[in-house]
Amino acid sequence: MDTPVRVLYVHSGHESGDTAATRLQRADEQLTVVTAQRAEAGLDRLEEGAIDCVISDYELPGMDGIEFVRAVRDRYPELPFVLFSGRDSGSLASRALGAGATDYLQKGAGQYAELADRLLDAYGAYQNRQDREATMDLYRTTLNSMSDAVLITDDDGAFTYVCPNVEFIFGYTAEEVEELGTVEALFDESLFDRETLETDDEISNVETDITDKSGDQRTVLVSIKQVSIREGTTLYTVRDITDRKENERELRRYKRMINTMLESACIYTEDARFDVVNEYLADFYEVSREELEGQKSNLVPMIREQADGDPFRELLAGERAEARGEVAGEFPEAGYQVLDYRLTPMVIDGEVEGVVGVTREITERRERERDLKETNALLSTLFETLPAGVIAEDEDRNILAVNDRFFELFGIAGQSDDVIGEDCKRLAREASELFADGERFVDRTEAVIQQRDPVNREDLRLDDGRTFTRSYQPIELGEGNGHLWVYRDVTERKERERTLRRERDRLDEFASVVSHDLRNPLHVAQGRLELAREDAESEHHDAIANALDRMDGLVEDLLALAREGETVRNRQPVELADLVEDCWRNVASGDATIRIESDLVVQADRSRLRQLLENLFRNAIDHSGDDVTVTVGETTDGFYVEDDGPGISPEKRDRVFEAGYSTAYKGTGFGLSIVKEVAEAHGWEIRVTDGSNGGARFEITGIE
């Protein structure tokens, strides 16, 4: 057993109960002993809980040991109980065992080691009984919660077990099925080839039709297996697959429809892959149907990009009955195509299981040339709606379209309608005056035009401190080539990026402090402790070593948190109350008090949650003094930690989680920042508010 065994020793008071408890704990360090004088006090202590075993003297005032055994058994029938008496009486031992005691032991020198062994044996047997009962409950719960029906028969085919779920499939209750006698009353007799079952160790799976109690026909899958409970015992697991078979028939109807259509048609899976395609669609891609099925669709991404919203997702979600439209783009082998499409949901048993797509090629290549005037009007309308500065020019660098935002960005006088047809080089020269190296800006513009290679958001720095990005795209016009330029003011975004880098640098600096300035002294302390062990023995050495190991673990976790900032992946059930007590022992000082008002079990990384709690406890003591009372309790979706100190004023609550911010003397300012990091790494939320007694209250919510 890895966990302490908590023992209640009830004594008469004639000898020191504390002395006996100390001897018992020395006999086995796994035992943790608390004492109570008189039987009534012992019963009160048991009511408080957290006791694994009971030891009692026989001669107790008011109620002797035999009466005490009976009183305990009335309330705790299974709790291990050892009567530890100074009397040498065989009849007393018999009476104690008859009253319900687990064991009897006569007091004497050197008996504490034997008493410890008997306690641990009794507790182990008690735990085994508890585990067996829990396992049996789990088996029963599992069988009763299965959607499949489980039946067990003997060598004659008679039922020896029928689970309650049989009623969901056959319509008969378990009792009614047992009254039917044998499995031949439920299934076709041809299912049961005894010779095959006796020689085949594998499970036989058979699909068959049955008639339920109401007379309806159903299809079931019967798994048959010989089991070794006793010779001839057979296990039957019955699954209702009526709906599945109907769904398969419905899917076959959809496939026949796809294959008989005279246009390109297919069925898409939920992730937009080709599930079923017909010959026309395979010919479009110039591959076989087998090669195309299972591949990602080229059409669906184009629809999502070019349509309003996401029609494909809406079809799958049952939000629309049809999606129609045209889409243009490049397709493997077929090249640039414009397609007319129609999408409808594939509904099976009331659920959308895919999407049926039908497409028709309406042109090999839609005419891309546009009348120059129409192009200008279209570009002008488009440009004016954009937040970026946009300018388009023809092959001779005459302005085709420009929006007002371009003039606003560069502070150039004029309007878009006034410059159409003018030389774009003039605007470029005016814009160049805003740059320290305006000549380089002009030269770079000319080089990009000559190369006609797209440029994606190159940075441009202005004399006034602003930062622009410029993108270039060559375009094709009806009578030649053209150029499209897009300018954006990204000053604020660049500043945010610099701020983020500074924050990252601060975290790296903090990690260096943790790694060097904290861990080096810690290692010195560990070395000194080893020297102290060599000089002399002390009961304090182990406690110091544990504290140093704990500090080293905290530093390691804190260093990983600061440098990684990654989400928690290793979660396990953690009993909050136990962890709070453990953390408090590492933190509490002076007259500080902890109150635990929660039996919550949370899914968390235990080490990271320990960091959160210990930092909150230290924060309460640092800001409220050594006599503070800290309370941990539950909320509707999490827990809280509050104190009865001075609290945190509303105007400071937004800053307390900032790294480096502290109002306490000698505070590092990282404690509450770490608390927030741990909470967010778990996907939780944390906020600070007023406590019940006027102090600070930290609420951690969104917890599983």
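Bear in mind that the values in this text are calculations on the coordinates, not laboratory data. Computed from a prediction, not measured in an experiment: that's the story for all the values here. In this analysis, Cβ positions are derived from the backbone assuming ideal geometry, glycine residues included, and neighbour counts consider all displayed protein chains.
Multiply the residue gap between residue 601 and residue 326 by 0.36 nm, knock off their C-alpha separation, and tell me the result in nm, one decimal place. List each step's numbers first, then the result.
Working: separation 275, 0.36 × 275 = 99.00 nm, distance 5.51 nm.
Answer, rounded to one decimal: 93.5 nm.
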**OP:** For the chain, find the longest principal axis of its Cα atoms and tell me its angle to the long axis of helix 242-260, 0 to 90°, nearest 10.
**Re:** 10 degrees
Original post:
Roughly what % of DSSP beta bridges within the range 5-141 run antiparallel, to the nearest 5?
Top reply: 0 percent
Original post:
Quick one: if you stick a label point 7 Å off each Cα along the C-beta vector at residue 593 and residue 351, how many nm between them?
Top reply: 5.7 nm
Subject >> Cα-based helix-to-principal-axis angle, 111-145 vs the chain, degrees rounded to 10 >> reply: 50 degrees
**OP:** Under 11 Å from the Cβ of residue 634, count the other residues' Cβ atoms, weight Lys and Arg +1, Asp and Glu -1, and hand me the total.
**Re:** -4
Subject >> Protection-proxy order for peptides 593-606, 518-531, 335-348, each taking the mean of Cβ atoms within 10 Å per residue, highest first >> reply: 335-348, 593-606, 518-531
Original post:
When ranked by the protection proxy of mean other Cβ atoms within 10 Å per residue, highest first, what sequence do the peptides 625-637, 319-331 form?
Top reply: 625-637, 319-331
Subject >> Calculated FRET efficiency for the pair residue 423/residue 476, C-beta based, R₀ 22 Å, to 0.05 >> reply: 0.55
**OP:** With a Förster radius of 51 Å, plug the Cβ-Cβ distance of residue 575 and residue 500 into 1/(1 + (r/R0)^6) and report the FRET value to the nearest 0.05.
**Re:** 0.85
**OP:** Rounded to the nearest 10 degrees, what's the angle between the helix 372-384 long axis and the longest principal axis of the chain, both from Cα atoms, 0 to 90?
**Re:** 40 degrees
Original post:
Among (i) 71, 51, 20; (ii) 40, 33, 24; (iii) 44, 31, 24, which is the computed semi-axes √(5λ) of the Cα gyration tensor in Å?
Top reply: (i)
Subject >> Part-to-part distance (alpha-carbon centres) for the range 384-402 and the range 482-499, which is given in Å >> reply: 18 Å
Original post:
Taking 0.36 nm per intervening residue step and subtracting the Cα-Cα distance, what contour gain separates residue 519 from residue 457 on full extension?
Top reply: 17.8 nm
Subject >> Per-residue [θ]222 nm for the chain (sum of -39500 (n - 2.57) over DSSP H runs n ≥ 4, rounded to 500) >> reply: -13000 deg cm²/dmol
Subject >> Pairwise label distance in nanometres, residue 97 with residue 491, each label 7 Å out on the Cα-Cβ vector >> reply: 9.4 nm
Subject >> At most 13 other Cβ within 10 Å, DSSP loop - GluC sites (Glu not before Pro), the range 415-478 >> reply: 433
**OP:** Would you mind ranking 584, 684 so that the residue whose beta carbon has the fewest other beta carbons within 10 Å leads the list?
**Re:** 584, 684
Original post:
How many percent of DSSP beta bridges within the chain run antiparallel, rounded to 5?
Top reply: 80 percent
